[in-house]
Amino acid sequence: STGEQNVNIKPEEKRKIFSYLSARHDFITNTTASSASFWRDQTSSLAIDGRTDTSWRGHRGFWEEIFRGRSKEVEFFSVDLKSVKLISQVRWIPGFYQLVPTEYKILTSVDSQKWDVVREVKKREYLPTETVIIDSFNPIDARYVKMEVTKTYSNDGPEIKEFEVVESRFADFDRVKINQLETQPFSDVLNID
């Protein structure tokens, strides 16, 4: 039990959660990120570093050119998983509330040439900073995952604090149990011996 919350995690569940945490560590360590633009020192790699005190932000001038119709470019954030994986979810944390993407597409590819739209969001309501957004889709083999942003809450360049691609085998895991096991792995140990 942790405070008022009781979390009972069976040994088999623990093994699965540790497998997920290992896969997430591999994602943070091995994945590379790119974007159409970035603002000042807020490069794309900061959205896959496992930290919520850093973020990627699209360049305001680049966004302004698109928004005003002077450019046909599209603002995007993309990751290379370095190998093909069966995925079915993207979890991301928006940055500053006015820069939350509200209209976007999630695309996947095995070769970075042919892209499939796996999720399209036409209007996401306002979400506060630190909200974990989960975009699920049918399982698909992919090496590359891209988020194309066409609108933000204030129509300024988008900002993403963290972006994670989740393999299908981990998509339905209980996030409360994952967080509990990650932050307090020995909470169920009754004594030091």
(message) So, ILE93, is that one of a type in the set (A, V, I, L, M, F, W, C) and either within 18 Å of the chain's Cα centre (by Cα) or open to solvent by 80 Å² or more (accessible area, probe 1.4 Å) (or both) or not?
(response) yes
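Has the range 59-74 got at least one residue that is crowded, with 19+ Cβ neighbours inside 10 Å and within 19 Å of THR150 (Cα to Cα)? Working first, answer last.
Within the range 59-74, the first condition is being crowded, with 19+ Cβ neighbours inside 10 Å, and the residues that meet it are 63, 66.
Then keep just the ones that are within 19 Å of THR150 (Cα to Cα); that gives 63, 66.
Yes: one or more hits.
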(request) Name the single residue, out of those in the range 36-54 being within 16 Å of VAL165 (Cα to Cα) and of a type in the set (Gly, Ala, Ser), that is surrounded by the most Cβ atoms within 10 Å (Cβ to Cβ). (result) ALA47
(request) Run SER1 past the list (1) more than 19 Å from ASP135 (Cβ to Cβ); (2) hydroxyl-bearing (Ser, Thr, Tyr); (3) modelled with pLDDT of 95 or more and report the number of the one that doesn't hold. (result) (3)
(request) Count, please, the residues in the range 96-122 that happen to be open to solvent by 10 Å² or more (accessible area, probe 1.4 Å), part of a strand (DSSP E or B) and not β-branched (Val, Ile, Thr). (result) 6
(request) Tell me which residues, restricted to the range 149-193, are open to solvent by less than 40 Å² (accessible area, probe 1.4 Å), part of a strand (DSSP E or B) and not hydrophobic (A, V, I, L, M, F, W, C). (result) THR152, GLU159, LYS161, GLU162, GLU164, GLU167
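State yes or no: is THR152 within 25 Å of GLU73 (Cβ to Cβ) and among the hydroxyl-bearing types (Ser, Thr, Tyr)? Break it down stepwise before answering.
Numbers: within 25 Å of GLU73 (Cβ to Cβ): yes; among the hydroxyl-bearing types (Ser, Thr, Tyr): yes.
So THR152 passes the test.
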(request) Tell me which of these TYR144 doesn't satisfy, since it passes every other one: (1) touching a Phe, Trp or Tyr at 6+ places or on another chain (Cβ under 7 Å); (2) under 23 Å from THR29 (Cβ atoms); (3) not β-branched (Val, Ile, Thr); (4) not in a loop (DSSP other than H, G, I, E, B). (result) (1)
(request) Determine whether ASP135 is farther than 17 Å from ALA36 by Cα, free of Cβ contacts under 8 Å to residues at least 60 places away in the same chain and part of a strand (DSSP E or B). (result) yes
(request) Kindly list the number of the only condition in (1) more than 17 Å from the chain's Cα centre (by Cα); (2) not in a strand (DSSP E or B) that fails for LEU127. (result) (1)
(request) Count, please, the residues in the range 123-148 that happen to be modelled with pLDDT under 95, open to solvent by 70 Å² or more (accessible area, probe 1.4 Å) and charged (D, E, K, R). (result) 3
(message) Looking at the range 27-45, I want the residues that are within 20 Å of ILE66 (Cβ to Cβ) and assigned to a loop (DSSP other than H, G, I, E, B) and have a partner that is of a type in the set (Asp, Glu) and open to solvent by less than 60 Å² (accessible area, probe 1.4 Å) with Cβ atoms under 7 Å, at least 6 apart or on another chain. Which pairs are those?
(response) ALA36/GLU75; SER37/GLU75
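The values are calculated or read from the model by the stated rules, or taken from the named source; none is laboratory data. On a predicted model such as this, the values are computed, not experimentally measured, just so you know. Using ideal geometry, Cβ is built from the backbone for each residue, glycine included, and neighbour counts are taken over all protein chains shown. In case anyone asks, the SASA skips ligands and DNA or RNA and just uses the protein heavy atoms, side chains included. Shrake-Rupley method; radii C 1.70, N 1.55, O 1.52, S 1.80 Å.
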